[in-house]
Amino acid sequence: VQLQASGGGLVQTGGSLRLSCAASGGTISRYAMGWFRQAPGKEREFVAGINWSGDRVRYADSVKGRFTISRDNARNTVYLQMNTLKPEDTAVYYCAADQLPNWVVTSTTYDFWGQGTQVTVSS
């Protein structure tokens with residue numbers, strides 16, 4: 001499956017963005033999906049994940065209460081709604097698919113990755 005992330009951009013502190021991850025070449029209903037991010041000079045880190053049916057979600061502590069992950073299997077798309085953005089949220093955001101559909105894994109062992117979309121939060 002190929003993944004295409006979009007929706008990044010430049011936003012002020014406290015603003016919102018919604019990222020989308022569109023899949024092609026396969027159906028995302030077979031996969032758990034995750035969002036990760038990587039800031040300059042830092043390792044890629046888990047942000048949020050959702051199982052195939054959407055009834056299991058996990059968030060990094062740093063984004064709980066501000067970010068919401070969701071999925072629309074019919075549209076083959078996963079979303080990340082990001083509210084109350086902070087400068088420390090600045091990073092390249094990646095979506096990923098995991099072939100273990102019913103578990104939300106927080107490590108970077110996902111099987112398929114998108115190309116990333118830049119999110120920059122200005123102070």
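The values are calculated or read from the model by the stated rules, or taken from the named source; none is laboratory data. Given the structure is predicted, the values throughout are model-derived calculations rather than measurements. Positions of Cβ are generated from backbone atoms using ideal geometry, with glycine treated the same way; all protein chains shown enter the neighbour counts. Please note that ligands, DNA and RNA were not included when accessible areas were found on the heavy atoms of the full protein model with its side chains. Shrake-Rupley method; radii C 1.70, N 1.55, O 1.52, S 1.80 Å.
Filtered by the rule that a residue be open to solvent by less than 20 Å² (accessible area, probe 1.4 Å) and either out of contact with any Asp or Glu (no Cβ under 9 Å at 6 or more places or on another chain) or without any contact (Cβ under 8 Å) to a residue 60 or more places away in the chain (or both), segment 66-116 gives Phe67, Ile69, Thr77, Val78, Leu80, Leu85, Asp89, Ala91, Tyr93, Cys95, Gly114, Gly116. When segment 1-44 is limited to residues that are of a type in the set (D, E, K, R) and surrounded by 15 or more Cβ atoms within 10 Å (Cβ to Cβ), the one that is nearest to the chain's Cα centre (by Cα) turns out to be Arg37.
Given the structure, is Thr109 assigned to a loop (DSSP other than H, G, I, E, B), hydroxyl-bearing (Ser, Thr, Tyr) and either within 17 Å of Asp55 (Cα to Cα) or touching a Lys or Arg at 6+ places or on another chain (Cβ under 9 Å) (or both)? Spell out the reasoning first.
On the way: assigned to a loop (DSSP other than H, G, I, E, B): yes; hydroxyl-bearing (Ser, Thr, Tyr): yes; either within 17 Å of Asp55 (Cα to Cα) or touching a Lys or Arg at 6+ places or on another chain (Cβ under 9 Å) (or both): no.
Taking the combined requirement at face value, the residue does not satisfy it.
Report whether or not Val63 is open to solvent by less than 30 Å² (accessible area, probe 1.4 Å) and not charged (D, E, K, R). Break it down stepwise before answering.
On the way: open to solvent by less than 30 Å² (accessible area, probe 1.4 Å): yes; not charged (D, E, K, R): yes.
Yes: the conditions hold for Val63.
If the condition is being modelled with pLDDT under 95 and of a type in the set (Lys, Arg), then segment 1-51 contributes only Arg30.
Just one of the numbered conditions (1) touching a Lys or Arg at 6+ places or on another chain (Cβ under 6 Å); (2) under 14 Å from Val119 (Cα atoms) is not true of Gly14: (1).
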